[in-house]
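The values are calculated or read from the model by the stated rules, or taken from the named source; none is laboratory data. Bear in mind that the values here come from a model prediction, so they are computed numbers and not experimental data. Using ideal geometry, Cβ is built from the backbone for each residue, glycine included, and neighbour counts are taken over all protein chains shown. Quick note on the areas: whole protein, heavy atoms, side chains included, nothing else; ligands and nucleic acids left out. Shrake-Rupley method; radii C 1.70, N 1.55, O 1.52, S 1.80 Å.
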Amino acid sequence: MSKLTFSTSSRPDPLADEARLAILDDPGFGVTMTDHMVRIEWTREGGWSNGELLPYGPISIEPAAGVFHYGQEIFEGLKAFRHSDGSVWCFRPEVNGARLQRSAKRLALPELDIDDFIESLKVLVSADEKWVPEFGTGETSLYLRPFMIASEAFLGVRPANGVTYFVIASPAGAYFSGGIKPVSLWLSTDYARAGDGGTGAAKCGGNYASSLAGQVEAAEHGCEQVVFLDSSTHTYIEELGGMNLFLVYADGRLVTPELTGSILEGVTRSSILELATDLGLRPEERRIPIQEWKDGVASGEITEVFACGTAAVVTPVGTLKWDGGESTVGTEAGETTMKIRQSLLDIQYGKADDTRGWMTRLV
Ligand SMILES: *Cc1c(COP(=O)(O)O)cnc(C)c1O
């Protein structure tokens, strides 16, 4: 049970039904925000205060706030799914809540109770329920973005004594609008996204900032995403800028890089590891030299590669490019990749039995 109470100031002028429905027809990703947002303030003396539901809109914050100078910021990303009976559900929100706490610890931010985290999602989705796309409209959902920032105005360097947590929401269409096509990856050897003892395992904006130059380099080489190696030996596969990676072997092994401290522990990643045995696969977490990818594709031992994360669920990978070569594992989405993808989607949209208790009802 959440210990916080939430006050409500509803928007007097929510977007008209017609305009909202037009947006829900083709929402894209992260373009339009819903009518409301949630805010909870924290101070070192008083802890978390009660929450507020407010109209979505610009916030007032001092230019001296810590977040602008020293990057003390963390976030989460999860989706609300409409089921066939009209109810609205979230996929393993308690795992996101626990991760937000781990991220908070690493960035010296205050931890929010998992119950309060889930309550904050319920408060926002209840108010903006009309923004959750209808069941049967494909892979549509309401994307939820909780985040926490150092809002205290102070230019000295220390953990902020004033912090603000928000939740905003944005309707999301199918990630792949023109059917599911394998993405191409650029192997970055100049850049790393995270290093030993760094913040790689925390979901913080700074990791994304550090991934962007690699992402730009990928685009310059005609690739859609960048894949990073470990920063100390440039030998082992880590992950993409915002997605984890899996390799599928001809003998039924499903291998993903083990969590060494510089890889983000994706909820999708851990769910796939749990589902794998149900699908007759043998999951393995270990260090994977990048050479194993190149050799395995060449020998036929590796038959599929995919990336995973909340936004795109499961994304087939086609070509890996690097300075001096490339390797293509497939030109179409692989069978195992699609089987895993569908199993997750069926649970999320309530089309398959939720035998693991992964779904939490929001509305
Ligand atoms: C959020 C994120 C992922 C995917 O995590 P999910 O919980 O599956 O959405 C993977 N890598 C990075 C760097 C991330 O920030």
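Listed values, structure above:
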{"item": "Cα-based convex hull volume of segment 183-348 per residue, rounded to whole Å³", "result": "102"}
{"item": "Difference of contour (0.36 nm per residue) and Cα-Cα distance, Arg282 to Ser299", "result": "4.1 nm"}
{"item": "Cα coordinate range in the chain, projected on the principal axes (Å, largest first)", "result": "61, 52, 36"}
{"item": "Surface accessible to a 1.4 Å probe, per residue, for the residues of segment 183-348, Å²", "result": "38"}
{"item": "Set of lysines near Lys321 by C-alpha distance (under 28 Å), chain-local residues within fewer than 8 positions excluded", "result": "Lys181, Lys203, Lys294, Lys339"}
{"item": "Surface share of carbon and sulfur [accessible, 1.4 angstrom probe, percent] for segment 5-162", "result": "54"}
{"item": "Overall form of segment 286-362 per C-alpha gyration tensor (a/c, 1.5; a/b vs b/c)", "result": "prolate"}
{"item": "Heavy-atom accessible area per residue - segment 6-172, 1.4 Å, Å²", "result": "44"}
{"item": "Surrounding net charge for Ser211, when Lys and Arg each add one and Asp and Glu each subtract one, Cβ distance under 13 Å", "result": "-2"}
{"item": "Glu18-Tyr175 FRET efficiency (beta carbon distance; Förster radius 25 Å; 0.05 resolution)", "result": "0.45"}
{"item": "C-alpha center-to-center spacing [segment 92-161, segment 237-276] in angstrom", "result": "23"}
{"item": "Proportion of all alpha-carbon pairs of segment 76-120 beyond 12 Å (%)", "result": "63"}
{"item": "Convex hull of Cα atoms in segment 6-172, direction-averaged projection (nm²)", "result": "10.0"}
{"item": "Glu94/Val363 FRET efficiency (R0 22 Å; Cβ-Cβ; nearest 0.05)", "result": "0.80"}
{"item": "Within the accessible area of segment 183-348 (1.4 Å probe), percent carbon and sulfur", "result": "48"}
{"item": "Per-pair calculated FRET efficiency, R0 = 30 Å: Tyr208 and Thr43 via Cβ, rounded to 0.05", "result": "0.65"}
{"item": "Of the DSSP H helices in the chain, those whose Cα atoms cover at least 15 Å axially and whose Kyte score averages -1.0 or more", "result": "114-127, 205-220, 335-348"}
{"item": "Heavy atoms of Thr140: accessible area, 1.4 Å probe, square angstrom to 10", "result": "10"}
{"item": "Most to least packed among 269-277, 51-59 [average Cβ atoms within 10 Å]", "result": "269-277, 51-59"}
{"item": "Val157 versus Ile61: modelled label distance in nm, points set 7 Å from Cα along the beta carbon direction", "result": "2.1"}
{"item": "Rounded to 5, percent antiparallel among DSSP beta bridges of the chain", "result": "80"}
{"item": "Label-reachable residues, segment 164-207, where backbone N falls under 16 Å from a point 7 Å from Leu4's Cα toward its Cβ", "result": "164-169"}
{"item": "Cut-off under 5 Å, modelled amide H: who pairs with Lys79 long-range", "result": "Phe91, Leu144"}
